[in-house]
Each structure stands twice: as structure tokens, then as C-alpha cells.
Amino acid sequence: MRGADKLVSDSLATAKRIIDPDTPVLARFDSAFYSANVAKAVRAAGVHYSVTLPQNAAVKKAIAHIPAEAWRGINYPQAIYDDETGRWISDAQVAEIDFTAFSSKAQEEQLAGRLVVRRIPELNTTKLAAAQGQLFDTFRYHAFFTTVEQSVLDTVAADKVHRQHAVVEQVFADLKAGPLAHMPSGRFYANAAWLVIAAISHNLLRAAGSVAGGKLVNARTVSLRQKLVNIPARIAHRARKLILHLPTHWKWATAFDRLWHNTLSPPQLATP
């Protein structure tokens, strides 16, 4: 990714200015940030590096050398949705092996660490049907590289911590399904203003969903717009008041009423 090292360097510099200097920092990335330049920027900032790896020849070779007895079963408290199979995955196995990242680069650019691998059974019916019978279990592998010592985060803990970086991906998906589906201008500053407004609207929608409660707490912003914002209604004037007539037998009436009163009602007096 062009300019990724500068982006990472600036972000880490900002982070280190606003947190306790003794607080350990872990920079987590997806595979787009697996590069020697990014790793160099992370090391220069004095923080740890955790990055998803592409399934290249070096990674596949390392995975093949993991002993069978090294795999440990784990059960996720919350299932993870797998896009390839269209299923929720609640069980998997993890293992790790020593790994040197960027081994094809010069010695000073190479980085020693741990290759942590999570594997799940192959459930893609198309792939299984293409095979001539299944003589043994087949798995799909998801690997990441980390410089965090094993004494700090063991295999299971390292896998759990690294997967938490995917939380921000849901925010990106929400924004791409809405205001960031396209940029409105060919001018940088116009798009920058649009981005700020998009972030503000996203935060307001998320806050509205939290106040409305129920299933809307975890709903995507596109659902919040459909259920709380884009509502067919009729405005009437009576006794110098505006009255909003909402649909009869509306499924989300209770949630909207909760949002309306919690947002527009006078603040409650604090009890001594």
C-alpha cells in the first residue's frame, strides 16, 4: 500500500503523545500492511507488530512444519461469521511456529517473531464436491505474524487479541454502505469535509441505536436509517404544536418512542 509506512508512523506518533509512555502498544493490521517499510515504521516507534499474512509459499511452508500435536482446540464465546462458507464458526484450532518475516529482504529488514495460525474445517460444499472423496480432514488456514513474546500472550490469547482488529472493519463496511459509497468531488478538501460529516453522522446514528435499545443497539447504520430516520409520517399542526403521525402498528414504534423521549425530554433532576 503506497504511503502506508508514513500513515503508520504518523498514527503511532499521535498515539504515543496521548497515552501513558509506559503503556505497551500493539499495532494490528490486515494483510495490506504486511510490508518491510511498515514493519520498519512500527519498530522505529518502539511498538509491537501484529499483521495478517497472505498465503504465500513461505507461510504455507511454515504451516506445513507445525507438528500435529501443537494444535490446540478453542471455542469462541461469540461465533465468527465466515464469508467463504456462509456459516458461523464457533470452533477452531490454533498453533504457532517461529517465523522470520521478509526473509527475502536484506538482513536488516528481516524481522523475527511468531507465526500464529488458526485453522477451521473446510465446509465449503463446492470445494468438497470437487474433490474425489475426502480421505482425511481438510482445513482452511488463517495466519498472522506477531512480535509479542509468548510469555506475554500465549497462542490462544495472541489469536484473540489480533482478531479484535477486525472490529473497525465493521465501521468501514457501514460507511461504505452509506456516505462513503463514493466521494462527491474531485477536490481533496471537499472530500475531507465530506469524510468529517460522514463520521459525525455515523456516530450520531450509533448513539441513536444505543438509546433506542433492543435489537437496534447492534444494528448496522443502514438498518438504523431505515428504521429510525427514513420514516413515512404526516405532520399536523394543532394548538400551536407540531404533531407527527407515524404508521399504525409500526414494528419499531417502541424503539422510536424511547429514542424520542430520551433525546428531547427535559433532563432529569439529579438526586442528592
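If you go through the stretch 32-50 one residue at a time, do you hit one that is of a type in the set (Val, Ile, Thr), assigned to a helix (DSSP H, G or I) and either out of contact with any Leu (no Cβ under 7 Å at 6 or more places or on another chain) or surrounded by 13 or more Cβ atoms within 10 Å (Cβ to Cβ) (or both)?
The answer is yes, given that some residue of the stretch 32-50 is of a type in the set (Val, Ile, Thr), assigned to a helix (DSSP H, G or I) and either out of contact with any Leu (no Cβ under 7 Å at 6 or more places or on another chain) or surrounded by 13 or more Cβ atoms within 10 Å (Cβ to Cβ) (or both).
Taking the stated definitions as given, is Ala208 in contact (Cβ under 8 Å) with a residue 24 or more places away in the chain, out of contact with any Lys or Arg (no Cβ under 7 Å at 6 or more places or on another chain) and assigned by TED's automatic domain parsing to the domain that holds Thr254?
yes
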Problem set entry | Condition met for Lys215 (basic (Lys, Arg), within 19 Å of Ala177 (Cβ to Cβ) and assigned by TED's automatic domain parsing to the domain that holds Ala181) | yes
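Name the residue that is farthest from Asn56 (Cα to Cα), counting only residues in the stretch 1-26 that are among the hydrophobic types (A, V, I, L, M, F, W, C) and in contact (Cβ under 8 Å) with a residue 24 or more places away in the chain.
The residue in question is Ala13.
Restricting to the stretch 193-202, and then to whatever is exposed (fewer than 12 other Cβ atoms within 10 Å of the Cβ) and free of Cβ contacts under 8 Å to residues at least 12 places away in the same chain, can you tell me which residue is farthest from Val229 (Cα to Cα)?
Going through the stretch 193-202, the residues exposed (fewer than 12 other Cβ atoms within 10 Å of the Cβ) turn out to be 196-197, 200.
With free of Cβ contacts under 8 Å to residues at least 12 places away in the same chain added as a condition, the list becomes 196, 200.
Numbers: Val196: 20, Ile200: 15 Å.
Out of the qualifying residues, it is Val196.
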Exercise. When only residues in the stretch 1-16 that are of a type in the set (Lys, Arg) and at pLDDT below 90 count, which is nearest to Val38 (Cα to Cα)?
Worked result: Arg2
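The values are calculated or read from the model by the stated rules, or taken from the named source; none is laboratory data. Quantities reported herein were computed from a predicted structural model and do not represent experimental measurements. Counting neighbours? That spans all protein chains shown, and the Cβs are built from the backbone with ideal geometry, glycine included.
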